[in-house]
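Asks: One structure follows; several queries about it will come next.
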Amino acid sequence: MQMSDIEIVDRYKRADNKKEQAKILAELNACGEEIIVGILRKNDVDVSELERKPRGRRKKKLTELVNAPLDDSTVSFNADDEPIGITGGEGVTDINAESQETTGRYKTGKELKAIPEDRLTEQEKERLKRVQLIPDTVIELVENELCELTSKIMELERKHDELVDYMNGELRCRD
């Protein structure tokens, strides 16, 4: 986490577009939006704008999911409009199954290396093979560059925030 909870809450509260700000904060902190939402909730911030609103989708039957065209990515939803299954060429995957660590979200190269291969999907196994081909020295160089870029972005964000605060009369001139 690059930012403190206080910084995250402050930047979120001052943003005009809360949904976009949550995405930006997640990217800057190299975490998922759900982490940002959790931090905001923990600090008693209203996150109702970020919550997905039901759109009247009906729950699809398992047979509809299985019989969907292989190139069509389909998500089924329960009565509360929460996703319960995905199909798209590999059959149905239960995205809420606690026993399946490999479902639901995109995994980084490091995460793929840490998961036993028998628990990976075919696409993840293919990605893992490509990740394993990257030399350690290249990984280290790229990680260092990413860290430097993130630091520069954070510094620019801080400067931006200071200027905005100053222009809004919230920051006093330093003597």
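Asks: Take the conditions over 19 Å from residue 149 (Cβ atoms) and within 10 Å of the chain's Cα centre (by Cα) and apply them to residue 33. Does it pass? Explain how you work it out, then say what you get.
Replies: On the way: over 19 Å from residue 149 (Cβ atoms): yes; within 10 Å of the chain's Cα centre (by Cα): yes.
Against the criterion (over 19 Å from residue 149 (Cβ atoms) and within 10 Å of the chain's Cα centre (by Cα)), residue 33 qualifies.
Asks: Okay, next question. Please find, within the range 91-127, the residue that is modelled with the lowest pLDDT out of those that are out of contact with any Gly (no Cβ under 9 Å at 6 or more places or on another chain), exposed (fewer than 10 other Cβ atoms within 10 Å of the Cβ) and assigned to a loop (DSSP other than H, G, I, E, B).
Replies: Top of the filtered list is 99.
Asks: Please tell me if residue 12 is of a type in the set (Ser, Thr, Tyr) and at pLDDT 85 or above. First the steps, then the outcome.
Replies: On the way: of a type in the set (Ser, Thr, Tyr): yes; at pLDDT 85 or above: yes.
Considered against the rule, which asks whether it is of a type in the set (Ser, Thr, Tyr) and at pLDDT 85 or above, residue 12 comes out as yes.
So that you can scan it fast, the table gives a plain yes or no per residue for (1) touching a residue at least 12 places away in the same chain (Cβ under 8 Å); (2) under 23 Å from residue 31 (Cα atoms):
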{"residue": "107", "(1), (2)": "yes, yes"}
{"residue": "110", "(1), (2)": "no, yes"}
{"residue": "118", "(1), (2)": "no, no"}
{"residue": "126", "(1), (2)": "no, no"}
{"residue": "131", "(1), (2)": "yes, yes"}
{"residue": "137", "(1), (2)": "no, no"}
{"residue": "145", "(1), (2)": "no, yes"}
{"residue": "148", "(1), (2)": "no, yes"}
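Asks: While we're on this one: If you go through the range 148-168 one residue at a time, do you hit one that is β-branched (Val, Ile, Thr), closer than 15 Å to residue 110 by Cα and assigned to a helix (DSSP H, G or I)? Explain how you work it out, then say what you get.
Replies: As a first pass, look at the range 148-168 and keep what is β-branched (Val, Ile, Thr): 150, 153, 164.
From what is left, the residues that are closer than 15 Å to residue 110 by Cα are none.
No, because not a single residue in the range 148-168 is β-branched (Val, Ile, Thr), closer than 15 Å to residue 110 by Cα and assigned to a helix (DSSP H, G or I).
Asks: Return yes or no: is residue 32 out of contact with any Phe, Trp or Tyr (no Cβ under 7 Å at 6 or more places or on another chain) and modelled with pLDDT of 75 or more?
Replies: Answer is yes for this residue.
Asks: Under the condition of being out of contact with any helix residue (DSSP H, G or I) (no Cβ under 8 Å at 6 or more places or on another chain) and not in a loop (DSSP other than H, G, I, E, B), which residue from the range 25-49 is farthest from residue 108 (Cα to Cα)?
Replies: So the first thing to find is which residues in the range 25-49 are out of contact with any helix residue (DSSP H, G or I) (no Cβ under 8 Å at 6 or more places or on another chain), and the list is 27, 31, 34, 38, 41, 44, 46, 48.
From what is left, the residues that are not in a loop (DSSP other than H, G, I, E, B) are 27, 34, 38, 41.
Values: 27: 14, 34: 17, 38: 21, 41: 26 Å.
For the range 25-49, the residue satisfying everything is 41.
Asks: Give me the residue from the range 128-158 that is over 19 Å from the mean Cα position of the chain (by Cα) and surrounded by 12 or more Cβ atoms within 10 Å (Cβ to Cβ) and, out of that set, modelled with the lowest pLDDT.
Replies: 139
The values are calculated or read from the model by the stated rules, or taken from the named source; none is laboratory data. Since the structure is predicted, the reported quantities are computational estimates derived from the model, not experimental observations. So basically every Cβ, Gly included, is an ideal-geometry build from the backbone, and we count neighbours across all protein chains shown.
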